[in-house]
1. Could you check the simple spin-label distance between Val184 and Leu306, using points 7 Å along Cα→Cβ, in nm with one decimal?
2. Cα gyration tensor of segment 60-110, axes a ≥ b ≥ c as square roots of the eigenvalues: rounded (a/c below 1.5), prolate (a/b > b/c) or oblate?
3. With a cut-off of at most 11 other beta carbons within 10 Å, and DSSP calling the residue loop, which GluC sites (Glu not before Pro) in segment 217-278 qualify? Please list them.
4. When all protein chains stay in place, what accessible area (Å², nearest 10, 1.4 Å probe) is found for Ser188?
5. What is the percent carbon and sulfur in the accessible area of segment 253-345, measuring with a 1.4 Å probe over the protein chains and ignoring ligands?
6. Keeping every protein chain present and rolling a 1.4 Å probe, give me the accessible area per residue for segment 94-150 in Å².
7. If you take every residue apart from Ile280 with its C-beta less than 12 Å away from the C-beta of Ile280, what net charge results, scoring Lys and Arg +1 and Asp and Glu -1?
8. Run the quick spin-label model on Arg52 and Asp251: label points 7 Å from Cα toward the beta carbon, then report their separation in nm to one decimal.
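The values are calculated or read from the model by the stated rules, or taken from the named source; none is laboratory data. Keep in mind that what you see is a predicted model, and the values were worked out from it rather than measured. When we count neighbours, we look across all protein chains shown, and the Cβ atoms used for this are built from the backbone with ideal geometry, even at glycine. Protein only, heavy atoms only, side chains kept; ligands, DNA and RNA dropped before computing areas. Shrake-Rupley method; radii C 1.70, N 1.55, O 1.52, S 1.80 Å.
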Amino acid sequence: MGSYVAELRSVSQAVLAVSRQLSTRDALAVIVRSARTLVGARYAALGVPDDRGSFAEFVVAGMPRAQQRAIGPLPRQHGMLAALLKSGVPERLADIRKDPRFEGWPAAHPELTGFLGVPVKNGADVLGIIFVANKRSGTFTAHDEELLTVLQERARLARELHDAVSQRLFSIRAHARAAELLIVKDPSRASGELAAIGQLGAQAHAELRAVIDGLAPPELDGLADSLRRYALLAGRAHGVEVRVSASALPDLEPRVQAAAYRVGQEALHNALRHSGATEISVSLSRTARRVILEISDDGTGFDPALASGGLGLASMRERAAAVGGTLRITSAPGAGTRVRLAVPA
């Protein structure tokens, strides 16, 4: 019995350690490496600013650790980095050194020439910046800028990793401690606590998988099947069944299909995380010239006019407009929410 109590104590301590150390840095590092590879750059970096004029996270790819150490502490929010954070719009330069906003770098810093930077945004808020430098062949193009803007969405989702899992971990720790106290006095209640730990652990794993699925590029095997898989995984993570119905759809251009998938993903994320819904449905249908995606829930609803900059609504509208589609959001406090996307067939 004593060894079992010690194991429970170890579980509790381990969960606490994970909850304290849980970080998005590894996910951000994957994104930075992807950025560097996608656009053929020598260097890439992603910075998440703090409120003291520096960066809470600054992840670099393409530079040896020894060189990073020689450069010194994290950069300050100045020069082109500050310009990206302030403007919230992409910057593409043939030679950063010739831009009037350039303010130099430390002695050990590599010499940068071509530069492409993209802000990581959630609605109107700039959460951070991704930038690449020194393209291996030629100069950065508009296509490179578009690729990096896919990646900025993944960086935004990576920032949600902590929120997605830390609450589950806290609950697991609380149940583990309760089981530790009850194992001798009330074994049956301790057994219930252990069952709760197992359930919460499965939910945390499923929720993390759902977020990681959002970090992955949308390599879609048909819009309906891809949305059905995501809905199943995300619904399980939150303990809510998501019903998906789809009629026969025409083949969509890859960029249209990707935009529709991301809008559906964002709308489902909002419904599962924020609405308190007990029923969520996803439907795909077609008209003569359009494919229609609708996500409906019976949750608390909201006033769209008051939430125009939040809940990823601006991002969804931008995605719809970029592929010639339209987005309509119908909601009211206490009346649930319906998101309707129409894209060219």
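1. Here the modelled spin labels are 5.3 nm apart.
2. Verdict is prolate for segment 60-110.
3. Glu219
4. My reading of the accessible area for Ser188 is about 90 Å².
5. Whole-percent figure for carbon plus sulfur exposure: 51.
6. Details: 2850 Å² over 57 residues.
Here the per-residue accessible area is 50 Å².
7. So the surrounding residues net to -2.
8. Calculated label separation equals 5.6 nm.
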